[in-house]
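Below is one structure, written out as structure tokens, with a few remarks after it.
The values are calculated or read from the model by the stated rules, or taken from the named source; none is laboratory data. It should be emphasised that the depicted structure is a prediction, and the values quoted were computed from it without experimental measurement. Cβ placement follows ideal geometry from the backbone for every residue including glycine, while neighbour counts extend to all protein chains displayed. These area figures cover heavy atoms from the full protein model, side chains too; ligands, DNA and RNA do not enter into them. Shrake-Rupley method; radii C 1.70, N 1.55, O 1.52, S 1.80 Å.
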Amino acid sequence: LVIDASAGQTIFEGGVHREENFAPPRLLDDLQVDIAALGEAGHFELAGPDMRHAEYCDPVDRPPVGDWDAFFALWERLDMVRDQLQPELGPMLPEIELHYVRYPKGGYYSRHVDDFETTEPRRSRRRVSFVAYLTPAWTDHDGGYLRVFYGDRYADIPPLPGSLVLFDSYQIHHEVLPTNNERFCLIGWFHTPCDALKSNCTPTRRERHEDDDFTFGARVYLNTPAAAASSDL
Ligand SMILES: O=C(O)CCC(=O)C(=O)O
Ligand SMILES: [Fe+2]
């Protein structure tokens, strides 16, 4: 197991799983080199809407700079996480949505959810959100906590270097509190396949899947590798 065995159950129940030292210190060092090189190459771009103040970069489709092997090591570990979570959370596509994010001093991200109802047809939707925190050092004074909401209560999660945080993309409202220092992370989403013929696949009522099928509300998605392989994000 690449993360704690309790992770799938925690996420299934609408909790937040935190895994400390997901990226070991040496990998963290190399990832910082990678991010710095991509920054110098001008590969980061400001996110559009003003609810967030951060810059994003595609770590996969990149100019030939940085430490690809370090990024790839993190990507592989995340793919193992995806594999580990499938028995509890249902099938998730091998294509993973990924961004490096840089929050400058004063950066933030207002309260939001990562997946929401849509009337647009879609082939997959965000199922599990994850954030790998890649800032070299963090102290309480740096701020930039991830605030997660449970109804009218909340918890503040420190962006500890090398830690990984995972939660349900549809259920968990969250925000990034203003950071007092530059803050780096790799964020991304594991997608679940949708029935391409239906307009959307928003879960209305959650049920635990059984054997090879899993159910969100009224819809059943078959766990067939062929279906997963042919979908794109
Ligand atoms: O930076 C973080 O801790 C979370 C970012 C986030 O919520 C998002 O990009 O959707
Ligand atoms: Fe988010």
Some residue of the range 109-124 being open to solvent by less than 50 Å² (accessible area, probe 1.4 Å), at pLDDT 95 or above and within 25 Å of ASN21 (Cα to Cα): yes
Any hit, the range 137-146, residues being over 14 Å from the mean Cα position of the chain (by Cα) and of a type in the set (Asp, Glu): yes
Residue count, the range 126-152 (criterion: touching a residue at least 60 places away in the same chain (Cβ under 8 Å) and within 25 Å of PHE71 (Cβ to Cβ)): 8
Test: residue in the range 11-23 that is assigned to a helix (DSSP H, G or I), touching a Lys or Arg at 6+ places or on another chain (Cβ under 8 Å) and farther than 17 Å from LEU134 by Cα: yes
Subset tally (residues that are among the small types (Gly, Ala, Ser) and open to solvent by 60 Å² or more (accessible area, probe 1.4 Å)) for the range 31-86: 1
ALA137 away from ligand 1 (no atom under 12 Å from the Cβ), surrounded by fewer than 13 Cβ atoms within 10 Å (Cβ to Cβ) and on the phi < 0 side of the Ramachandran plot: yes
Flag for PRO178 being more than 13 Å from ligand 1 (Cβ to nearest atom) and open to solvent by 40 Å² or more (accessible area, probe 1.4 Å): no
